[in-house]
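Working notes for the structure below.
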Amino acid sequence: MTHRPYLFNLDVSHVNESIKICVKQCPDKELSVLADLKKFYAETGSSLCIYNFNFSQLETNTKLSPEDQFSSPLGPCPMLPVFQSDQVLNRCVPSANSSVPTDVLRSFYEILNSPAALEQLVADLYRTWRLIFILSFVSFMLALVMILLLSFATAAIAVTFTVVVSVASVAGTLALWWAYLETKWLLDETPIEQMLEETATNERWLLILAVFATLVTLVLLCLAAHVAKNVKTLAALFKEASGFIKALPSLYLQPIITVAVLLSLFCAWMYVVLCLATATTPEARQIILYTEDSNMTSVNKFTLLQFVELSWVRFGWWIYLIALVWVSELVLSCQQMTSAGALVDWYFLTSGRRDGGARLLLTSVRRLVWYHLGSVALGSLLIALFKLPRLALRLLGIKQKPLCYERGLRYVNHNAYAVIAIEGIDFCPSARVAYQTMESNRLHLSPINSTGDCFLFLGKCCVTAVVGCVGLLTMRQDPQLHVYAVPVLVLCVFSFYVAHSVFTLYEMALDSLFLCVAEDQALSVGYQAYRRPHMVQALTTLCAKSSTQPESQPMF
């Protein structure tokens, strides 16, 4: 029925009980007799009668008129007159300027507003999944270009990135506010009986997104100001991190593999969600129609099928929501563990700057799968378990403690993977060692580590803002979307995950570098015994310039 995209009711006076058929085009004028239906069919190729009806039957010579013989609530042709209609949500809805009674028009819009919001959202995701997939891939390419530019580690690039992030976040926020105002103005001009619930839902979602984007933009501008004040420190820090990564150029393959796995996961997750949304069971309903003429009364029985939702399907939504968060974190944690293992091996087990690149990466992958997959699964599960409650508490206005708690948990996890690679112990002992090491050097590491984290977070937000703006401007042009704000939100979440999988390469390089230097100093007797003397000296000097700790205190 792809060539018949519009739903047409044979009886507009009883929309709920009416037979509905798919038509090629809605009637653009009032049709009073069956001859008008035949003419409309000849002009447009759109038949308003049931599919197997042949208009040549109108020539049959009977005692009944064609209208009495063929026009009825159950077909084969619609009840007359057929009103001029508009195409609303792929349905033929009588126009407000036609002769249709007000109560009939109101009943149409009540039915249009009756579908469950979840069904509308899933329908929008189904219509936009290809665009979401393409733009998620664009976010990967954009993030990859940004980290390749980071390898130059110059102050000019840091300033450029900061300016781009500020402009992109402000532009995205303004685009959301403009979309909200346009939707609000449209609602203000729409008569109350013709108002669509989905338009009001769009207005609410756009307002929520616009307010949230405004708050995020204010935070990003403050972070950008902080980064701009520490450009030289930032350039020196990423110079060392870039040197760490350049020693193992095969690490640049990891974001590509991770993004491929994540995009496959997102597609599979959306497919399962669509299956859950359509997991209904058919139920039969009997309709009896009595028709009378001058001679007799005839009885016609019809069996209509309707599909009802299964009660247990609602639990499936929560299961797959948790699965999305957990498995996404598991994929990212595997990348982080592999990167940390390869970098730690290079730091302690090789002598040259480019010794064993691909071999060290494959060794780290084998060690992850063979020994530490449970540790990674545990760490990602903890993040998944605490992420959803944090979001719920944030919606209730309780922000401070959950935010710090999850940030601390994630910080420990990142460092725990490096400790696992260094010492080969389990996740919980590694998290304790990592926490003690980083906490004992907090005054030295906090200034430079916070600057690096802020800059990488700005990069992720820049990618998300740019891709989100493109998605917003594109999806707004599709009149068949119910609530386009929700696919835009899903796109932003996916884009942030993709960007995070790329930028986490530098996050793990920084965390591994700090822990390796701390471990190197703890195991070494003198400066000449360090495994990487130049890195120890560079990081110690950088910490000394940025730290507020008295010089008499040990650096690590």
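Among the residues of region 168-179, is there at least one that is within 30 Å of Asn97 (Cα to Cα) and open to solvent by less than 30 Å² (accessible area, probe 1.4 Å)? Yes, that holds for at least one residue.
When region 233-262 is filtered for residues that are among the small types (Gly, Ala, Ser) and not in a helix (DSSP H, G or I), only Ala247 remains. Per the listing Leu234, Leu207, the residue uniquely within 28 Å of Val486 (Cβ to Cβ) and out of contact with any Leu (no Cβ under 8 Å at 6 or more places or on another chain) is Leu207. Of all residues in region 201-212, those satisfying the criterion of being crowded, with 16+ Cβ neighbours inside 10 Å and modelled with pLDDT under 85 are Thr201, Asn202, Glu203, Trp205, Leu206, Leu209. Taken together, the residues in region 143-158 that are open to solvent by 10 Å² or more (accessible area, probe 1.4 Å) and closer than 14 Å to Ile256 by Cβ amount to 3. Restricting attention to region 308-320, the residues that are in contact (Cβ under 8 Å) with a residue 40 or more places away in the chain and open to solvent by 30 Å² or more (accessible area, probe 1.4 Å) total 2. Condition test on Leu473, is it in a helix (DSSP H, G or I), closer than 21 Å to Phe238 by Cβ and at pLDDT 75 or above? Answer is no for this residue.
The residue of region 84-104 that is least open to solvent (accessible area, probe 1.4 Å), among those that are over 17 Å from Pro191 (Cα atoms) and among the hydrophobic types (A, V, I, L, M, F, W, C), is Cys92.
The values are calculated or read from the model by the stated rules, or taken from the named source; none is laboratory data. The model shown is predicted, which means the values in this text are computed figures rather than measured ones. Because the Cβ atoms are built from the backbone with ideal geometry, glycine has one as well, and the counts that use them run over all protein chains shown. SASA here: full protein model, heavy atoms, side chains in, ligands and nucleic acids out. Shrake-Rupley method; radii C 1.70, N 1.55, O 1.52, S 1.80 Å.
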